[in-house]
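Only one structure is covered here, and it is reproduced in the block below.
The values are calculated or read from the model by the stated rules, or taken from the named source; none is laboratory data. Note that the structure is predicted; figures quoted are calculated from it, not measured. Glycine gets a Cβ as well: all are built from the backbone with ideal geometry, and neighbour counts include every protein chain shown.
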Amino acid sequence: MLKIAVLVSGGGTNLQAIIDAVEKGKIRDTQIVKVISNKADAYALQRAEKHGIPAQAVVRKDYPDKAAFHEALLAAVDAAGADLIVLAGFLVVLPPEMIRKYRRRIINIHPSLIPSFCGDGFYGLRVHEAVLARGVKVTGATVHFVDEGTDTGPIIVQKAVEVKEGDTPEVLQRRVMEEAEWILLPAVIDDIAAGKLKIGGEE
Ligand code: GAR
């Protein structure tokens, strides 16, 4: 049984896709042991609670400094006892210590075809705004392992999505989610649970 902890910051539609896939058996032999958010009012926390998944908020302003926040975040992750950490719209830069400790055990979903439209400042709707501003005709989503950089870790899978005439950032975001994100992330977790994709170990 693969134990996963899911880290979120917002609405949690990717979390919902994972929950649904686990419940329908599309992700096999996997248990979501904990959902952690850096926002106390993240709707994702309610999604977790509705499905009986332990949910916890670890909020920066509740701690005197970044080091204390990082320590609390790492403690929350450690307490989950997870084999795999899934960043599903988690908009906090991870503490380097966590990355070291969970080397090749943290995956992230990013809403573009890395290395385009990624790195510092590219998150959420901003990515899609930048895609439309540049006028590219194809975008997509990427699932990758997390390393010390921002969106620089080894790429696991990508899926292209068409940009259409008249798209707004919101319309494009929704298409990228429906056609790529909600499919890719559960599929990667299932591959890991089935042993088709190895996690942990040496790089
Ligand atoms: C998703 O589009 C995810 O790819 C993106 O935030 C959104 C969260 O939506 N993540 C990033 O931009 C990470 N750099 P959700 O809360 O509905 O899953």
*Scan the range 175-190 and give yes if some residue there is within 14 Å of the ligand (Cβ to nearest atom), free of Cβ contacts under 8 Å to residues at least 12 places away in the same chain and in a loop (DSSP other than H, G, I, E, B), otherwise no.*
no
*Residue by residue through the range 135-149, note down the ones that are surrounded by fewer than 17 Cβ atoms within 10 Å (Cβ to Cβ) and either among the β-branched types (Val, Ile, Thr) or within 10 Å of the ligand (Cβ to nearest atom) (or both).*
Val136, Val138
_Checking Gly121 against (1) in contact (Cβ under 8 Å) with a residue 24 or more places away in the chain; (2) more than 15 Å from the chain's Cα centre (by Cα), the condition it does not meet_ = (1)
*asked:* Looking only at the range 76-108, how many residues end up being more than 16 Å from Glu148 (Cα to Cα) and within 13 Å of the ligand (Cβ to nearest atom)?
replied: 2
_Tally, over the range 115-134, of residues that are within 10 Å of the ligand (Cβ to nearest atom) and crowded, with 16+ Cβ neighbours inside 10 Å_ = 6
*Name the strands (runs of 3 or more DSSP E) wholly within the range 1-65 that hold at least 1 residues that are within 26 Å of Leu197 (Cα to Cα), out of contact with any Cys (no Cβ under 9 Å at 6 or more places or on another chain) and at pLDDT 95 or above?*
2-8, 30-37
*If you go through the range 37-51 one residue at a time, how many are away from the ligand (no atom under 13 Å from the Cβ) and surrounded by 14 or more Cβ atoms within 10 Å (Cβ to Cβ)?*
1
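Condition check ((1) out of contact with any strand residue (DSSP E or B) (no Cβ under 8 Å at 6 or more places or on another chain); (2) hydrophobic (A, V, I, L, M, F, W, C)) across all residues:
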{"site": "Ser112", "(1), (2)": "no, no"}
{"site": "Gly124", "(1), (2)": "yes, no"}
{"site": "Val131", "(1), (2)": "no, yes"}
{"site": "Gly135", "(1), (2)": "yes, no"}
{"site": "Asp147", "(1), (2)": "yes, no"}
{"site": "Gly153", "(1), (2)": "no, no"}
{"site": "Glu179", "(1), (2)": "no, no"}
{"site": "Ile189", "(1), (2)": "no, yes"}
{"site": "Ala194", "(1), (2)": "yes, yes"}
*From the list Ala67, Ala17, Ala57, Ala72, which residue is within 15 Å of the ligand (Cβ to nearest atom) and free of Cβ contacts under 8 Å to residues at least 40 places away in the same chain?*
Ala57
